[in-house]
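The values are calculated or read from the model by the stated rules, or taken from the named source; none is laboratory data. All figures in this text were calculated on a predicted structure; none of them were measured in a lab. Note that each Cβ is placed from the backbone with ideal geometry, even for glycine, and that neighbours are counted across all protein chains shown. With ligands, DNA and RNA removed, areas are computed over all heavy atoms of the protein, side chains included. Shrake-Rupley method; radii C 1.70, N 1.55, O 1.52, S 1.80 Å.
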Amino acid sequence: MKLVTVAGPPSSGKTSMLLRVIDWLRETGISVGVVKFDCVSSEDDERYRSKGIPVLLGLAGNLCPDHYFVTNIEACAQWGKEQGLDMLISESAGLCNRCSPFIRKALAICVIDNLSGMNTPAKMGPLLKQADVVVITKGDIVSQAEREVFQHRVRKVNARAEIIQMNGLTGQGKERLGSLLAQSEDLDGLEGRKLRFSMPAAVCSYCLGETKIGSDYQMGNVKSIAIPASIPAAPEVN
Amino acid sequence: MFAEITSITILGGRSKSGELEQAEITLVPGDLVAVVGPTGSGKSRLLADIEYIAQRDTPSGRQILINGEVAEPAVRFAWGRRLIAQLSQNMNFVMDATVAEFISMHAECREEAISGSSEADLIARVISQANLLTGEPITQDSPLTSLSGGQSRALMIADTAVLSDSPIVLIDEIENAGIDRRQALDVLVRNQKIVLMATHDPILALLAERRIVLKGGAMVKVLESSADESALLVELQRADAAMIAIREQLRRGESLAPTAFRYR
């Protein structure tokens, strides 16, 4: 079974884009299932189910979502195998951008949209940097020049990935993306495989449920912001 | 990779019902071709096939040749994106920048296009070209997001013509609002672009020397515009100008006489 990891900020168009690509994959005879990781709530599982795509939904709730992902992906892969799938696609929101759910050897796709702002690529961490394929969506609602500038800025952050402009509404671009998915490597189980990037260092008292503010309540992995010893007073305004 | 695009050829695939596509067409720089057919006849698919440089691997089964040759995957999927500029139906700017900042940002990612001309000169050229297409002048300091629909379209077309080095331009209908569409097409063609335009507008369709007719997902014929049609075009443009004149009068708050619509 192939495992493909897809991640990107909320509302970047991941599900719409995937529904189109899955259509294409099924037409070529590849059976596909999806595991959707979300934080609070999701209706995307219904969108997959209504098209007859086998789907699992995982809600992280009050857990760090990427920790939730990494502790569950193996069981999900097992589920995919039991379903007899040729390909399992894991879809998750980008969350803090500090981590990424990308796994070595599993095709890693980052989805971002043209509307997210010109500085967004530079602000994104491993989620963009470590991807094999970057899918840029919503190109139909910005100008050609803005698409080019945005793509250029993505390229600056990730020099290696193939960049695909895709329209999740019409499916334009699905052929190329679909063929990249179809060509991705078969994985023989996930045990012992590695994430492409480490998770942030945890654990502090707040991870464990503390809600009060103040140094008395802080424990564990705590980092202080650098504040200059003396900040010059603002000049007086006449 | 191709140093220069001298032609693109669209080889037929199959219609939605599986019949062989009869027509094929080769386009060279400076060509303006209209793509016509009812909604759902496959106009967007045709433009998508060209954008994708399809190699019989899209639902239509068409093949697109560049300079008479099959494009290498490297051209298709990496550099290939630079081949085509698309002007879509929705033309909005979302970038928080001035017109000048925007042009210089775009120039930055099209480095080779600006060699030999300074940035300030380039900005001035794009803006003055845009201002030839729209009645409401754009300035360097205008915030992009404050441009009207007509100004946005004019700037986009000028930018594509002057700055972008993509040799092929695909247009999905140019809206009429506030721009001179004939000039807009002229400026693209003059800059040696290959322009394909999907349209339902009779004036735009007849402005093209050839038109690809689509039906049921297939190219059914390629028509050359005839002398009769050129004469008809002149008449349609006069009528269009008369319509625009009335619009202007209404804008200015004038009352109209029953004889206001005169184009003969």
Original post:
Taking the stated definitions as given, is A:CYS110 more than 9 Å from chain B (Cβ to nearest Cβ), touching a helix residue (DSSP H, G or I) at 6+ places or on another chain (Cβ under 6 Å) and part of a loop (DSSP other than H, G, I, E, B)?
Top reply: no
Original post:
Is it true that A:VAL6 is in a helix (DSSP H, G or I) and touching a residue at least 40 places away in the same chain (Cβ under 8 Å)?
Top reply: no
**OP:** Output the residues belonging to segment B:48-78 that are open to solvent by less than 50 Å² (accessible area, probe 1.4 Å), within 9 Å of chain A (Cβ to nearest Cβ) and either touching a Phe, Trp or Tyr at 6+ places or on another chain (Cβ under 9 Å) or part of a helix (DSSP H, G or I) (or both).
**Re:** B:ALA48, B:THR58, B:ARG76, B:PHE77
Subject >> Every residue from segment A:167-196 that is modelled with pLDDT of 90 or more and hydrophobic (A, V, I, L, M, F, W, C) >> reply: A:LEU177, A:LEU180, A:LEU181, A:ALA182, A:LEU195
**OP:** Would you confirm whether any residue within segment B:241-248 is open to solvent by less than 50 Å² (accessible area, probe 1.4 Å), touching a helix residue (DSSP H, G or I) at 6+ places or on another chain (Cβ under 6 Å) and of a type outside the set (D, E, K, R)?
**Re:** no
Original post:
Give me the pairs: first residue in segment A:74-95 and without any contact (Cβ under 8 Å) to a residue 24 or more places away in the chain, second residue part of a loop (DSSP other than H, G, I, E, B), beta-carbon distance under 9 Å, and six or more apart or on different chains, which are they?
Top reply: A:GLN78/A:GLY189; A:GLN78/A:LEU190
Subject >> Identity of the residue in segment A:113-125, surrounded by 22 or more Cβ atoms within 10 Å (Cβ to Cβ) and not in a loop (DSSP other than H, G, I, E, B), that ends up nearest to the other protein chains (Cβ to nearest Cβ) >> reply: A:ASN114
**OP:** Quickly run through segment A:158-174 and pick out the residues that are surrounded by fewer than 19 Cβ atoms within 10 Å (Cβ to Cβ) and over 16 Å from A:LYS14 (Cα atoms).
**Re:** A:ALA159, A:ARG160, A:GLU162
Original post:
Considering only strands (runs of 3 or more DSSP E) fully contained in segment B:135-235, which possess at least 2 residues that are open to solvent by 30 Å² or more (accessible area, probe 1.4 Å), on the phi < 0 side of the Ramachandran plot and more than 14 Å from every other protein chain (Cβ to nearest Cβ)?
Top reply: B:210-215, B:218-224
**OP:** Check segment A:60-79 and report whether any residue there is surrounded by 15 or more Cβ atoms within 10 Å (Cβ to Cβ), part of a strand (DSSP E or B) and among the hydrophobic types (A, V, I, L, M, F, W, C).
**Re:** no
Subject >> Unmet criterion (only one of (1) at pLDDT below 90; (2) over 29 Å from B:ALA130 (Cα atoms); (3) of a type in the set (Ser, Thr, Tyr)) for B:SER88 >> reply: (2)
Original post:
Using beta carbons and a limit of 9 Å, which pairs, at least six apart or on different chains, have the first residue in segment A:30-53 and more than 18 Å from A:GLY84 (Cα to Cα) and in contact (Cβ under 8 Å) with a residue 60 or more places away in the chain and the second one part of a helix (DSSP H, G or I) and among the charged types (D, E, K, R)?
Top reply: A:PHE37/A:ASP66
Subject >> Criterion: among the β-branched types (Val, Ile, Thr), touching a strand residue (DSSP E or B) at 6+ places or on another chain (Cβ under 8 Å) and over 22 Å from A:GLU175 (Cβ atoms) - qualifying residue of B:VAL28, B:VAL35 >> reply: B:VAL28
**OP:** Just name the residue that is least open to solvent (accessible area, probe 1.4 Å) out of those in segment A:186-210 that are touching an Asp or Glu at 6+ places or on another chain (Cβ under 7 Å) and of a type outside the set (Asp, Glu).
**Re:** A:LEU190
Original post:
What number of residues within segment A:140-157 are open to solvent by 10 Å² or more (accessible area, probe 1.4 Å) and at the interface with chain B (Cβ under 10 Å from one of its Cβ atoms)?
Top reply: 10
Original post:
Would segment A:71-79 turn up any residue that is out of contact with any Asp or Glu (no Cβ under 9 Å at 6 or more places or on another chain) and among the aromatic types (Phe, Trp, Tyr)?
Top reply: yes
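For (1) among the polar types (S, T, N, Q); (2) under 27 Å from A:PHE102 (Cα atoms); (3) in a loop (DSSP other than H, G, I, E, B), each residue gets a yes or a no:
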residue: A:ILE163; (1), (2), (3): no, yes, no
residue: A:LEU169; (1), (2), (3): no, yes, yes
residue: A:GLU175; (1), (2), (3): no, yes, no
residue: A:ARG193; (1), (2), (3): no, yes, yes
residue: A:GLY209; (1), (2), (3): no, no, yes
residue: A:ILE213; (1), (2), (3): no, no, yes
residue: A:VAL222; (1), (2), (3): no, yes, yes
residue: A:ALA226; (1), (2), (3): no, no, yes
residue: A:ALA229; (1), (2), (3): no, no, yes
